[in-house]
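The block underneath contains the structure these notes are about, expressed in structure tokens.
The values are calculated or read from the model by the stated rules, or taken from the named source; none is laboratory data. Quantities reported herein were computed from a predicted structural model and do not represent experimental measurements. Note that each Cβ is placed from the backbone with ideal geometry, even for glycine, and that neighbours are counted across all protein chains shown.
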Amino acid sequence: MPNPAPLKLDEALSPAWLSWALSQANGPVDITAVEVLEELGPSATKVRFKVTYGANRPDGLPDQYCLKGVFKPELLGEYLKQGTQVNEIGFFRDCAPVMDLNVPRCLYAGLDEETLAGIIIMEDMIPIGGKFLTAMSAYTADQAAGSVDQIARLHGASWGDAKLNPFPWAKPRMAQLASLPWLEPAKLTDLLKGPRGDALPDAFRDGGRVLASMKALAERDEKHERCLVHGDAHAGNVFQHGDKIGLIDWQVLQRANWSLDLAYHVGAALDVEDRRANEQDLLRFYLDRVKQYGGNPPAWDEAWALYRQSVAYGFFMWAITLRVDPPIIERFCTRLGTAVVDGGGWDLLGV
């Protein structure tokens, strides 16, 4: 049997391996040639490609696909051990088929249990009108309502232990993220003293406080019901297809408090003034929707406090980021750091 998730990109893009992978859930598939259209990074590799079919082409299979996996040699050790691929494979294998979410159609999701490498093969959204946004894309409050609705659907479908039981591979990750071996307060302070922190008050360019806020959030989450959270719902992980918004990149999926996703998403996706003008309305909209979708959200005062605390998670995620273009890091650190300042999230967490 072929490896379900080869570590070499050339093998994963070979006609032989792709024929085998796409045959697993679709009936016999015969691919005779592959044309790479685009390769994207920076961590997991995403490749858009076009195929030529031979004798066997089941009905409904597209001409163009997007394959995602981890192939860079420097990421094949600790990065895979963190379980990032386990999460994304688990999402497309177990969650997407049973949750009412707008995600790219997945034709294959395979995991190597030994290496923890995973590969997903999705339909390429570009030829069918999909538009992938970036940190630099304009994003309106109306668009944010669409993505908040998607977040509410994910949370409502997985709210509480009983609904989480079918997804045992999804673990709490807050404490793990706060304890990454290379994260040192002084190193993080140095990063924040650079351009990514230029828009923030000096008191919020403190790596020790950033790490303390994450540890406080991890301890807080032990006291609250959890659900599945996307974990990295910034503006660059959003796509639009027609009038529908969807989320991509499910590698940081985890069990956590609902407020992590909402505060991170609203704080990262909207410009500072748009966020200030709309965040309470978006939170009320979320609370209403997640209740409709099966969640059990708290009353307003508690929800507003949890939300303000949780923006610290998004700020942490971008304060530590290294493998992304500096203008994107700077924009997200400015937006999320300012949201921490505005909401008094660190004070609420006692850090």
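For the reader, a short list of remarks on this structure follows.
- In region 207-252, counting only strands (runs of 3 or more DSSP E) that sit wholly within it, the ones holding 1 or more residues that are within 23 Å of ARG196 (Cβ to Cβ) span 238-241.
- Of all the criteria given as (1) out of contact with any Ser or Thr (no Cβ under 9 Å at 6 or more places or on another chain); (2) assigned by TED's automatic domain parsing to the domain that holds ILE248; (3) assigned to a loop (DSSP other than H, G, I, E, B), the one not satisfied by ALA170 is (1).
- Against the conditions (1) within 30 Å of LEU13 (Cα to Cα); (2) in contact with a helix residue (DSSP H, G or I) (Cβ under 7 Å, 6 or more places away or on another chain); (3) assigned to a loop (DSSP other than H, G, I, E, B); (4) of a type in the set (A, V, I, L, M), LEU183 satisfies every one except (1).
- Residue check: THR338 meets all listed conditions (1) polar (S, T, N, Q); (2) closer than 24 Å to THR134 by Cα; (3) surrounded by fewer than 18 Cβ atoms within 10 Å (Cβ to Cβ) but one, namely (3).
- Unique match (being modelled with pLDDT of 95 or more, aromatic (Phe, Trp, Tyr), touching a strand residue (DSSP E or B) at 6+ places or on another chain (Cβ under 8 Å) and buried (at least 16 other Cβ atoms within 10 Å of the Cβ)) among PHE71, PHE49: PHE49
- Counting only helices (runs of 4 or more DSSP H) wholly contained in region 257-351, the ones carrying 2 or more residues that are out of contact with any helix residue (DSSP H, G or I) (no Cβ under 6 Å at 6 or more places or on another chain) and closer than 30 Å to PRO181 by Cβ occupy 326-343.
- Matching entry among GLY130, GLY83 (being at positive phi and in contact (Cβ under 8 Å) with a residue 60 or more places away in the chain): GLY83
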